[in-house]
């Protein structure tokens with residue numbers, strides 16, 4: 001990609017009202033545009049990052065959890081929420097059809113997925129069922145002030161599982177923990193992300209969150225450094241010790257964190273609301289046991305940035321970076337060689353080629369801000385040694401790589 005062809009431009013200052021570090025950097029680097037509080041347009045490089053996160057999530061949903069991808073509507077009938085008792089949620093965006101029928105914009109999809117599955121479920125032989133989607137959600141948040149961490153319109157992966165018995169559900173629930181752990185490791189925040197015991201509400205004693213430790217966090221967790229498990233601040237008063245290893249509560253470490261995912265037992269609340277039942281081996285009719293499993297995709301992008309940044313800008317992990325290499329020529333002679341390098345490398349890997357006619361200082365400052373993993377600099381100095389200067393974004397030391405060895409190096 002030629003950088004001159006990007007219609008977006010970097011800016012020195014983010015909007016003054018934007019408090020969150022993630023949004024400040026994404027706006028300054030031209031990855032997103034703020035339309036209003038909690039609502040952002042995704043620009044070319046921001047969309048590339050989001051799509052890579054999506055694919056990592058999709059791989060784990062398909063391969064580890066054996067789920068089928070679907071896509072459900074954003075417009076939901078209000079009467080479905082009346083059946084589940086959620087029609088009074090204060091975060092619902094409400095609208096009407098021209099006929100007067102009341103609708104809401106989906107804040108989650110239990111009220112859609114359960115009637116959908118009901119059309120295809122009759123016998124125990126049809127279970128278990130696992131379906132997921134990656135789709136926009138809408139929540140009328142009172143205060144959307146954390147950039148892409150808390151939006152009013154946002155992209156979310158939600159998975160729903162349907163089981164004949166509690167044992168089968170528990171087995172899948174444990175497998176989902178593995179899939180989530182894989183996701184957070186692959187996007188580059190595995191070391192900072194901890195499974196966290198949270199209140200299970202009316203469904204069970206516990207649900208589980210995945211919390212990424214960072215000073216920018218909205219939540220507080222109490223981390224057991226012995227076993228790497230945490231407890232959400234909202235349930236800590238009920239605990240005497242770590243529920244995993246038994247370490248005393250006084251020894252847990254309180255930290256700020258961002259919730260990047262959650263898994264939740266639903267029992268039969270939603271299946272009962274829509275009479276979702278099946279016939280077991282004995283011919284008896286039983287309610288379906290459910291679980292739900294969510295990851296905010298844009299929120300995860302923001303969390304990665306809150307962990308991976310410095311005073312100069314963003315530091316993208318290779319797995320989700322918009323490009324792997326940022327190629328920067330310095331001087332006319334270097335431009336000719338950089339053109340050749342770009343044509344060769346571009347066949348193998350994603351390269352952003354800074355072909356703009358701007359100062360060297362501006363090129364380097366933008367490169368640090370954008371945060372692509374590797375910077376390749378071609379100059380008269382490097383050409384004198386028939387080399388390219390290679391520097392990792394988070395490191396301070398450059399190294400020279402011979403041009404003829406650059407392809408194999410990459």
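Each reported figure results from applying straightforward, stated rules to the coordinates on display, with no laboratory input. This structure is a prediction, so every number in the text was calculated from the model and none was measured. Every residue, glycine among them, receives a Cβ derived from its backbone with ideal geometry; neighbour counts consider all protein chains shown.
Worth pointing out:
- Going from the fewest other Cβ atoms within 10 Å to the most, the residues 212, 95 appear in the order 95, 212.
- Nearest 10 degrees, 0 to 90: helix 332-345 Cα axis against the chain principal axis: 40
- Each of the peptides 86-94, 380-388 was scored by the mean count of other Cβ atoms within 10 Å over its residues; in descending order, highest first, they stand as 380-388, 86-94.
- Reference-scaled alpha-carbon Rg (2.2 N^0.38 Å with N residues) for the chain: 1.13
- Exposure proxy order (Cβ contacts within 10 Å, fewest to most) of 56, 289: 56, 289
- Theoretical ellipticity at 222 nm over the chain - DSSP helices of four or more residues, -39500 (n - 2.57) apiece, nearest 500: -8500 deg cm²/dmol
- Gyration tensor (alpha-carbon) shape descriptor, region 224-360, a/c threshold 1.5: oblate
- Region 325-409: C-alpha gyration tensor shape, a/c 1.5 cut-off, then a/b vs b/c: rounded
- Between the C-alpha center of region 289-353 and that of region 1-69 there is a gap of 11 Å.
- Gain on full stretching of the segment that runs from residue 79 to residue 251 - 0.36 nm per residue minus C-alpha separation: 57.1 nm
- Sorted by Cβ density within 10 Å, fewest first, the residues 36, 301: 36, 301
- Each label point was placed 7 Å from the Cα along the Cα-to-Cβ direction; for residue 402 and residue 178 their separation is 4.6 nm.
- Label-point separation in nm, residue 356 to residue 4, each point 7 Å along Cα→Cβ: 1.3
- Take the Cα of residue 12, step 7 Å toward its Cβ, do the same at residue 191, and the gap between the two points is 3.5 nm.
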